[in-house]
1. Evaluate the following for GLU40: is it of a type outside the set (Gly, Ala, Ser), without any contact (Cβ under 8 Å) to a residue 12 or more places away in the chain and not in a loop (DSSP other than H, G, I, E, B)?
2. Hey, could you check the stretch 20-45 for residues that are touching a Ser or Thr at 6+ places or on another chain (Cβ under 9 Å) and at pLDDT below 95 and say which is surrounded by the fewest Cβ atoms within 10 Å (Cβ to Cβ)?
3. Counting only residues that are in a loop (DSSP other than H, G, I, E, B) and under 9 Å from the mean Cα position of the chain (by Cα), which one in the stretch 5-19 is modelled with the highest pLDDT?
Amino acid sequence: MDTFTAIIHQEGEFFVALCPETGTVSQGKSIEEAITNLKEATELYLEEFPAPHHSRSLITTFEVASIAAQ
């Protein structure tokens, strides 16, 4: 069993989940549903395109200065 990364953000009433290692994306009305759907999409993707062994992704944050509209 491999471990993959899920990046989740909200778009309107849906949560969108992305797996950066495979590029698969899914959505759901809750975070849990989005992750469940992403897991299914990733499993289906990997059936067709097996992934070589990969190392875990490094996830971090960074800040960007905002310029207020005048």
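The values are calculated or read from the model by the stated rules, or taken from the named source; none is laboratory data. All values derive from a computational prediction rather than experimental measurement. Note that each Cβ is placed from the backbone with ideal geometry, even for glycine, and that neighbours are counted across all protein chains shown.
1. When the stated conditions are applied, GLU40 does not pass them.
2. PRO20
3. Among residues in the stretch 5-19 that are in a loop (DSSP other than H, G, I, E, B) and under 9 Å from the mean Cα position of the chain (by Cα), the one modelled with the highest pLDDT is ALA6.
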